[in-house]
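Data block below; observations after.
The values are calculated or read from the model by the stated rules, or taken from the named source; none is laboratory data. What you see is a predicted model, and the numbers here were worked out from it, not measured in a lab. Heads up, the Cβs are rebuilt from the backbone with ideal geometry, glycines too, and the neighbour counts pull from every protein chain shown.
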Amino acid sequence: MKPRYWHYWIGLVLLLAVVPVLRSQHLPLKFDWITLGIAYWFVLAAQSIFVAAVLSVIGLPGKQGLGPLLARYREKPLRIIPVLLYFAILVWITTWLKALVLTVDAVALLELLRRNKGQVRQTAAAVLAPAVYLFFGFLMVLAYDCAIVSVRFNFAMDPALAAFDQWLLHGHSVSELTHWAVQTFPISFFKALEFIYFGMFTQIGAALILVALCEGRMRALQFVGTILLSYYIALAVFYIWTAQGPYYLCVGHFSRFPASLQIYNLQKTLIRDALALWRHEPIRRISTDYFIGLPCMHIVQPMIVLWFLRRWRRMVIALAGYDLLLVAAILLLEMHYVIDILAGLPVAAVAIAISGGPFRGHDAGITDSSRPMEVVAP
């Protein structure tokens, strides 16, 4: 068995073991399907299509990306009127940002269907098959994450990681950096950091779409397999080095940190739910709680995305710039120790080395239905 297929077998083993593992910790065999489904298949999907469209404008050649669409609009300018009406209606119903995302999504999907007439089923399969694999693989991650926190005290290694950070930072800490930022910058600065922090997830969805449409279904499955393998490695590391994050040890964190931020409530919820799992308090469903601190998957996943998109230099440059801002967001929002971020680099490297290596169509068994499609940028 080739190493690049290990993620399938590890995922199968985790699937077969999930029921006894959850039962052993008195955890429910139920998932919060509504919350998880809406977050993944609607919110993340819409945002990912938008980011994929933006990246295709940035990184793809004109003839493959935006060129043909612009040519048609120049030929018949009145085509823009329905688009503007659609955007105006959405602005009235929602917000301008949501309206922009949904309008770009609609134009991109319509253009994609136009360019791939007669291959709609193949195009859909190229994207949906890896998307389904990622969804159910992540469900396993959430289940085992809860099981680990039920058997391992989630805050056990926080003092050790904080001490390591002090050594790395010559006596300083991430909490000190956050306190300085809170006193220096306005709340709008932290809301921007939040936007960057949560926006990381759309990188994965956008990369999945671009890889599937430009390189085929099998390459997209390889991308998803690399992402999932990195999570499986992270679960093993987290089992040994269970830690919450610098905000847990920070004295007075919740009295200093801006309470209007989503991150504020998220951090409170994670501490509360981790303690509940440790005490084996009953929960109804496994939902969106995510406890892995070391390694920082907000670093691991962007590294894998950059690897799979490396053939498009301008995309990589744009995403690398975003990822630098992401590092600042991770630290200033007090979500991870510096050592968490550093630990993410070898985890990404190992996952790529095992599952993300060179790809050749005949090795992956590409069929007609998995060949690359035409990609579009609105």
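A few points about this structure:
- Subset tally (residues that are assigned to a loop (DSSP other than H, G, I, E, B), within 20 Å of Leu142 (Cα to Cα) and free of Cβ contacts under 8 Å to residues at least 12 places away in the same chain) for the stretch 249-292: 2
- Among all residues of the stretch 319-333, there is none that is in a loop (DSSP other than H, G, I, E, B) and free of Cβ contacts under 8 Å to residues at least 12 places away in the same chain.
- Which listed residue is more than 15 Å from Tyr290 (Cα to Cα) and either hydroxyl-bearing (Ser, Thr, Tyr) or under 22 Å from the mean Cα position of the chain (by Cα) (or both), from Leu229, Leu266, Leu235: Leu229
- Taking every residue in the stretch 340-356 that is of a type in the set (S, T, N, Q) and pairing it with any residue that is surrounded by 24 or more Cβ atoms within 10 Å (Cβ to Cβ), at least 6 positions away or on another chain, the pairs with Cβ-Cβ distances below 8 Å are Ser355/His7; Ser355/Gly225; Ser355/Thr226; Ser355/Leu229.
- Residue in the stretch 1-30 that is farthest from Ser287 (Cα to Cα), counting only those that are among the basic types (Lys, Arg) and in a loop (DSSP other than H, G, I, E, B): Lys2
Results for (1) at pLDDT 90 or above; (2) over 23 Å from Met218 (Cβ atoms), shown as yes or no for each residue.
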{"residue": "Leu85", "(1), (2)": "yes, yes"}
{"residue": "Leu113", "(1), (2)": "no, no"}
{"residue": "Gln119", "(1), (2)": "no, no"}
{"residue": "Gln122", "(1), (2)": "no, no"}
{"residue": "Val132", "(1), (2)": "yes, no"}
{"residue": "Phe135", "(1), (2)": "yes, no"}
{"residue": "Leu139", "(1), (2)": "yes, no"}
{"residue": "Val149", "(1), (2)": "yes, yes"}
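- Residue match in the stretch 93-113 (condition: within 30 Å of Gly11 (Cα to Cα) and crowded, with 17+ Cβ neighbours inside 10 Å): no
- Enumeration of residues in the stretch 106-152 that are under 17 Å from the mean Cα position of the chain (by Cα) and of a type in the set (D, E, K, R): Asp145
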